[in-house]
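Here's the structure, in structure tokens; my notes come after.
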Amino acid sequence: MTVSPLEGARLRLRALARGDAPALASFANEPRVRSTALLPGPVTVEQEEDFVLRVRASTVDAVFGIELRDGPRLVGVAGLHGIDRTSRAAQFGIFLGVPSLWNQGYGTEATRLTLRQAFERLQLHRVWLHVFSENPGGIRCYEKVGFAREGLLREAVFHEGRYHDLVVMALLRQDWAGAAPAK
Ligand SMILES: CC(C)(COP(=O)(O)OP(=O)(O)OC[C@H]1O[C@@H](n2cnc3c(N)ncnc32)[C@H](O)[C@@H]1OP(=O)(O)O)[C@@H](O)C(=O)NCCC(=O)NCCS
């Protein structure tokens, strides 16, 4: 779907464009990103162009490119997927494609900004995610924003030669710190 920009202290979230495909391919082909981001790979620039066109045309995906505010440079992607308008629920996904930027609070800021799309613009009730149990940085990032652990899907994913457990986390509208007070 079409998304309007969201500005944070250090980041700008904006719609993906076809010209982002080379950067997206380099992110998705970075082994350290792929190892925890559940990305299929390797991918080509053409496949990333298709991805951009697909999410822009989709009625159930709201996907943003993540840029540093002090220089228009794409550093990752964050979005809501499978938006279910009956249950007002969606799956959250994120990756920062530049490992040197990890653990500096950017993931937390991008997650908070994407939740504004979920709760303020789309009026969702629940945002959920799956994260590898071996991704403590990701889990910590989501906990800081208010996501609660709901359970463990044992050996749910076969990735890079072995099975991985997935932690299920979710944030309900009423537990979102940025939500307007209940009426
Ligand atoms: C997951 C990801 C988006 C998080 O973004 P980030 O900018 O690194 O996250 P933040 O810096 O906002 O928060 C990470 C937190 O985890 C902590 N952390 C990092 N490694 C940790 C570890 N091994 N054990 C415990 N905490 C850890 C950091 O210290 C930080 O917490 P703090 O602010 O309290 O110090 C990013 O690391 C990423 O893109 N990783 C690769 C792809 C991926 O895993 N995507 C998510 C798939 S579900």
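Number of residues in segment 98-131 that are more than 7 Å from the ligand (Cβ to nearest atom) and not in a helix (DSSP H, G or I) equals 8. Pairing residues of segment 107-130 that are touching a residue at least 40 places away in the same chain (Cβ under 8 Å) with residues that are of a type in the set (Lys, Arg) and in a helix (DSSP H, G or I), at Cβ distances under 8 Å and at least 6 apart in sequence or on separate chains, gives Phe119/Arg173; Leu124/Arg173; His125/Arg173; Arg126/Arg173. On the stretch given as segment 27-39, residues that are within 7 Å of the ligand (Cβ to nearest atom) and not in a helix (DSSP H, G or I) total 1. Taking the conditions (1) under 19 Å from Arg12 (Cβ atoms); (2) of a type outside the set (A, V, I, L, M, F, W, C); (3) surrounded by 15 or more Cβ atoms within 10 Å (Cβ to Cβ); (4) near the ligand (Cβ under 7 Å from one of its atoms) in turn, Gly138 satisfies each one other than (1). Summed over segment 27-62, residues that are surrounded by 15 or more Cβ atoms within 10 Å (Cβ to Cβ) and of a type in the set (D, E, K, R) total 6. With the condition kept exactly as written, say whether any residue in segment 18-26 is of a type in the set (S, T, N, Q) and either exposed (fewer than 14 other Cβ atoms within 10 Å of the Cβ) or assigned to a loop (DSSP other than H, G, I, E, B) (or both). No, segment 18-26 contains no residue that is of a type in the set (S, T, N, Q) and either exposed (fewer than 14 other Cβ atoms within 10 Å of the Cβ) or assigned to a loop (DSSP other than H, G, I, E, B) (or both).
Of everything in segment 144-170, what is within 22 Å of Thr114 (Cβ to Cβ), among the aliphatic types (A, V, I, L, M) and surrounded by 14 or more Cβ atoms within 10 Å (Cβ to Cβ)? Give them in sequence order. Listed by number, the residues that qualify are Val145, Leu166, Val167, Val168, Met169, Ala170.
Tell me whether segment 98-119 contains one or more residues that are farther than 29 Å from Asp20 by Cα and surrounded by 13 or more Cβ atoms within 10 Å (Cβ to Cβ).
No - not one qualifying residue is present in segment 98-119.
Just so you know, all these numbers are worked out from the coordinates, no wet-lab data involved. On a predicted model such as this, the values are computed, not experimentally measured, just so you know. Please note: Cβ atoms are built from the backbone with ideal geometry, for glycine as well, and neighbour counts cover all protein chains shown.
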